[in-house]
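For reference, the structure is listed below as structure tokens.
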């Protein structure tokens, strides 16, 4: 995934727009896969309903439970999934599938075959929703980070303050201006904040 690097030459307007279009194309592809996944899962539940394996209320419960878990995981997982995150997603998907089957069979008196299929489908929804949803969230955040700081006076003043304090950042800003980018992006401002924090941390460690 694209990220700004203050140690490299700033992107020109054309290069930044090319990166932006590439990220937007990635977003379209991910949304397409998400829609395909939703349709496939929907067909499974529709098949269970019309073949009288599950009632309408049972399907609503299974869909609601899996959707809530998938949304929670997609919004709380870190950008880069570690092994522990993947294990947690796997465990929660199994737990969701098991819980769905138990509720459908024991509490709602649904057919065992339909309950098992519904449980496996909810587990699939959790896994796909958690992983693909996280990727979509990251892409959307990257697109937002590429927006130039134009009418945001607070962010603009922060950029100017950082550049006055650190000549290296001012050099970067001046280079971007020479490339016809008088306004830096929110992503570059975030990288400046991280750069400043790293400087301060190194100074504290040296003391």
Can you sort 105, 128, 83, 72 from fewest to most other Cβ atoms within 10 Å of each residue's own Cβ?
83, 72, 105, 128
With r defined as the distance between the Cβ atoms of residue 95 and residue 3 and R0 fixed at 30 Å, what FRET efficiency is calculated, to the nearest 0.05?
0.30
Computed [θ] at 222 nm, helices only, for the chain once each DSSP H run of length n ≥ 4 contributes -39500 (n - 2.57)
-27000 deg cm²/dmol
Helix 112-145 sits off the longest principal axis of the Cα atoms of the chain, rounded to the nearest 10 on a 0 to 90 degree scale, by 10
Nearest 10, in degrees from 0 to 90: the angle of helix 83-102 to the longest Cα principal axis of the chain is 30
Which of (1) 0.98; (2) 0.94; (3) 1.17 gives Rg/Rh (Cα atoms, Kirkwood Rh) as computed here? It is (3)
Computed lengthening from residue 151 to residue 174, 0.36 nm per intervening residue step minus Cα-Cα distance
6.3 nm
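Fewest to most neighbouring Cβ within 10 Å: what's the order for 11, 180?
In increasing order of surrounding Cβ atoms, one gets 180, 11.
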Footprinting exposure proxy for 43, 4, 166 (fewest neighbouring C-beta atoms within 10 Å first):
43, 166, 4
Report the relative contact order of region 67-190, percent, no decimals, based on alpha-carbon pairs under 8 angstrom and at least 6 residues apart.
28
Angle between the chain longest axis and helix 153-165 axis [Cα atoms, degrees, rounded to 10]:
50
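Since every read-out is calculated from the coordinates, none of them should be taken as a lab result. As the structure is a prediction and not an experimental result, all values here were calculated from the model. In this analysis, Cβ positions are derived from the backbone assuming ideal geometry, glycine residues included, and neighbour counts consider all displayed protein chains.
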